[in-house]
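Right, one structure below, let's go through it.
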Amino acid sequence: MATMSALQSSFTSLSLSSNSSFLGQRLLSPISLSAASPVKPAENPCLVQAKLKRWERKECKPNSLPVLHKMHVKFGDTVKVISGRDKGKIGEVTKIFTHNSTIVIKDVNLKTKHMKSREEGEPGQIVKIEAPIHSSNVMLYSKDKDVISRVGHKVLEDGQKVRYLIKTGEIIDTVEKWKQLKEAKDKETTQVAVTSSS
């Protein structure tokens, strides 16, 4: 009985107020939490950052997908580089990265890559690869008139929306061109599949 009363008295003497601490940590009273100002939502809730590379962070939508930027060039366009080390070179767009507005052009912006040997006995090699270049560094090029031009959009009589070169009036998006590009891409994929299987 005596020990029980001693325990009760020690618990009553222990007060857990907002000024006291328990094991070195400050305790907050429920009054101070409720009196705090309400939390304001962020002004721009969609400014989420996605980590694409260790050094590169890009804006994302609320569903964590990266914001895709519209570009004036598409796959298969003939472009001319207007700034940078490869200024003046002409090539065809072979790859597009919409999350950071970069493109890969055939035989432009070549970088040296050192490849390790994959199998035993196979020697390593040094190869040239095409590195991406920002889309703002290129302009569309007309092979017929030998000029570069900005791109415009117009709707034809049949209701088809196409791109055209403003300087020359030449239409870029034609059905025949897209068919040729698709056939060429299909050929490449079948050749890659054949070489990898053998």
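Brief remarks follow.
- Sites listed here are trypsin sites (Lys or Arg not before Pro) in the range 148-190 whose DSSP assignment is loop and whose Cβ has at most 15 other Cβ atoms within 10 Å: R150, K167.
- Applying 1/(1 + (r/R0)^6) with r as the Cβ-Cβ distance of N63 and T98 and R0 = 25 angstrom yields a FRET efficiency of 0.95.
- Exposure rank, largest accessible area first [E170, E59; 1.4 Å]: E59, E170
- Convex hull volume per residue in cubic angstrom - Cα atoms of the range 102-198: 153
- 3J(HN,Hα) couplings calculated from phi for the range 84-89 with the Karplus curve 6.51 cos²θ - 1.76 cosθ + 1.60 (θ = phi - 60°) are, in sequence order, x, 5, 9, 4, x, 7 Hz; Gly and Pro show x.
- Area accessible to solvent at L181, 1.4 Å probe radius, in Å²: 30
- In the context of the full protein assembly, I103 retains an accessible surface of approximately 0 Å², using a probe radius of 1.4 Å and ignoring ligands and nucleic acids.
- For the range 59-162, a/c is not less than 1.5, where a ≥ b ≥ c are the root eigenvalues of the C-alpha gyration tensor, and a/b does not top b/c. That puts it in the oblate class.
- The range 55-198 - percent of accessible surface contributed by carbon and sulfur, probe 1.4 Å: 52
- Chymotrypsin sites (Phe, Trp or Tyr not before Pro) restricted to DSSP loop in the range 55-102 with at most 16 other C-beta within 10 Å: W55, F75
- For D173, solvent-accessible area (1.4 Å; no DNA, RNA or ligand), Å²: 20
The values are calculated or read from the model by the stated rules, or taken from the named source; none is laboratory data. Every value quoted in this text rests on a predicted model; they were computed, and no experiment measured them. Here the Cβ is made from the backbone with ideal geometry for all residues, glycine too, and neighbour counts use every protein chain on show. SASA here: full protein model, heavy atoms, side chains in, ligands and nucleic acids out. Shrake-Rupley method; radii C 1.70, N 1.55, O 1.52, S 1.80 Å.
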